Amino acid sequence: MAFDIDKFTQDSVRVNWEDLDLDNFRENPLPPESIRTLRYMCDVEYHTVCYLRDMLVTRSHGEGEVNAFMTMWNREEFWHGEALAHVLSLHGVTVNYDQLKDRRVKLGWRDRLAPVKQSLLSNIVGKDFVAVHMLWGAANEWSAAAAYKRLGVLEGHPSLAELLRRIAAQESRHVAFYATQAKARLAGNPKAQKLARFALKNAWAPVGSGIMTDDEVTHVMGHLFGGAEGRKEINAIDRHIGRLPGMEGLTIFADALDARGVAA
Amino acid sequence: MSDSAGFDVRSYTRTPRSLRRKDLDLAALQGLGTNTLLTLRHLQQVERGTLRLMRDLLVTPTHAESRVTAFLTTWAYEEYWIADALEAVLDENNHTEVAHSTKLGELRRSWDDRVSPTADAIRTNLLGSDIVAGHMAVGLLDSLVARASYARAGQLEPRLGAVIDPIVAIKDRHVEFYVDEASDRLAASPAAGRLGRRAVRTWRWPGSRYGAPGYVQPVLRYLFADPSVRADIDAADSQVAALPGLAGAHPIRQALGRFASRGARHR
Ligand SMILES: [Fe+2]
Ligand SMILES: [Fe+2]
C-alpha cells in the first residue's frame, strides 16, 4: 500500500457541514449520552495540535512528506473539532477558545509517551522512535474512524450520519498515512518492533485518556463499543494492528475495553 | 467557536488562501533572473521551515493558547501552499539549487531539533504564559520582513505580480494577527513586556540561522540595498515600535545593518 502525499495535500479540505440540515437538532435533540460522547470527541480533535507537538519533538519531521502530511492533518483535525463544536452549539453546549485553553493549562506538558522516551533515552533510540509514533498514530486514527462510524450507526440521524461519514472518510486517509509509515519503518527492523510492542503494551491508552477524566473515557468506550457490534469493530482494529510487522497477537483495544469493564 | 474582540481568528480560519500551481501561469514566469531565483529560493525555504517554528512554540506554554494555535494551524496551511507555489516557479526555471547548511549550521540545527525544544519546554514552563508575548513579537517580525521581501521582489521583477500579490495579501493578515496579539500580550504584565523586548532584541532574520551568510546576504543586498526601500523598512519597524514598551525599536533596520557590515568585511 503506497500513500500518495501529493494527492493527499491537493485533496485536503476542511470538513463541510453547511449543506447539511443540522438545525432540526433544535426540535429533535440528541440524547445526553451522545452529547457527552460528542463533547469528548470534540475535545480530542482540538487537542491534536498538542499531539502534533509530540510528533515534532521526536524528529518525525524533517522529511518533506511527513511535514506535508502533518500540516494538512493538523488542520483537518482542527476542523473535526469545529464541526462537532457546531453540533454541540445547537444543543446549547458552548466550546470556546477559553475553555480549550483552561484544559490545556491544567494538563501542562503531558505526553503519554514521555516516560517511555525517558526510560529509553530517545537520543539513542532516535529513528526507531519515529516508527513508534507512526504506529501510535495509526492506532489512534483507526479508533477515530471506528468511533465516528459507530456513532453514526447508533444515532441514525441522517444529517449527523453524513457529517460523521465525512469525518470518518478523512480519518481513514490518516490511517493510510500512519499505517504505511509504520509498516515501512517497522519492516526488517527488529529493534523498532520491540520498542513499538513495548510502547503499545505498556503506555498506550484509548485516545483521549490523559485529556479527559477516566469516567469520560469509560463512558465513551461503553457507549460506542459496548455490546457485540461494538466489540466486532474493536477486534477489527486489533487485527489491523496485529498485521503490522512484529505486532502479531497484540489486542490492546480489546484489553482496554476489558480493563474498563465494557462487556462484549 | 466564539472569539473575543480584535483580530477575528475564527473568520481567519474559515477563509484561508491557498495558492495552487494550477492557477498560476507558469509559462509566463520562465527565464527569471538569477537574483530573483535566489530570492525566491530563500523565501521558499523560510516558508518550508514553518513546522519547525510551530514546534518551537508548541513546546512552550504558548501551546495552551487555543486562539494562537487555531491561527497557527491555518497559518501553516497557507505557508505550505506559498512554498509550493514558489517551488513551482523555481522548477519552471530549472532552479534546483538550495541553500545548504554550513557545518556550524548543521550543529545548530541538530541542537535546535534535539536539545533546545526540551530545554525551552522546561525554561518557558517556569516563565509561564508571559512567554507568549515574545513569541508573538517574533511572529510579527518574521511576518513583516517576509511581507517586505515579497513586496520588494515583486517591484524588482514585475512579472512576479500574479504570484507575489496574493502572498503579500496573505502576509498582511498574518501581520494583523501578530500586531493584535503582541499588543495585548506585551501590555499584560511587566514580565511579559521584558520577555517581549528580549525577544525583539535577539530576533534573527528568518532563514539565516543554518545557512551560510554568503547565501542570505546577497539576497538581502539585492532586495534592500537600494536607498529607496529605506522608507518601507522604516514603516515595518514602526509597526514594532508602536507596540507597548517598544518605542524607538528598529530591529529590522538593525538586522539589515549587521548583514551589510558583514558583507563589507567579506569583500
Ligand atoms: Fe479527527
Ligand atoms: Fe485523524
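Each reported figure results from applying straightforward, stated rules to the coordinates on display, with no laboratory input. Everything numeric in this text was worked out from a predicted model, so none of it was measured. Backbone-built Cβ (ideal geometry, glycine too); neighbour counts: all protein chains shown.
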Item to check | Kirkwood-Stokes translational diffusion coefficient of the range A:9-87, alpha-carbon pairs, 4 °C, 1.567 mPa s, µm²/s | outcome: 91 µm²/s
Item to check | Ratio Rg/Rh [Cα only; Rh per Kirkwood] for the range A:143-261 | outcome: 0.99
Checklist entry - Order of A:144-151, B:17-24 by packing, highest average Cβ count within 10 Å first? => result A:144-151, B:17-24
Checklist entry - Any idea what Rg and Dmax come out to for the range A:26-259 if you just take the C-alpha atoms, in Å? => result 17.4, 58
Checklist outcome for this item: Calculated from DSSP helices alone, with each H run of at least 4 adding -39500 (n - 2.57) and the total divided by the residues of the protein assembly as shown, [θ]222 nm to the nearest 500 comes to -23000 deg cm²/dmol
Next on the checklist: How shielded is A:90-96 by partner chains, expressed as the average number of their Cβ atoms within 10 Å of its Cβ atoms?
Outcome noted: 2
Next on the checklist: How many angstrom lie between the Cα centre of the range A:227-264 and the Cα centre of the range A:153-175?
Outcome noted: 21 Å
Checklist outcome for this item: For chain A, averaging the sequence separation of alpha carbon pairs under 8 Å that lie six or more residues apart and dividing by its residue count, the contact order in percent is 22 percent
Item to check | Scattering profile of the protein assembly as shown at q = 0.12 Å⁻¹ [log10 I(q)/I(0), Debye over alpha-carbon scatterers] | outcome: -1.19
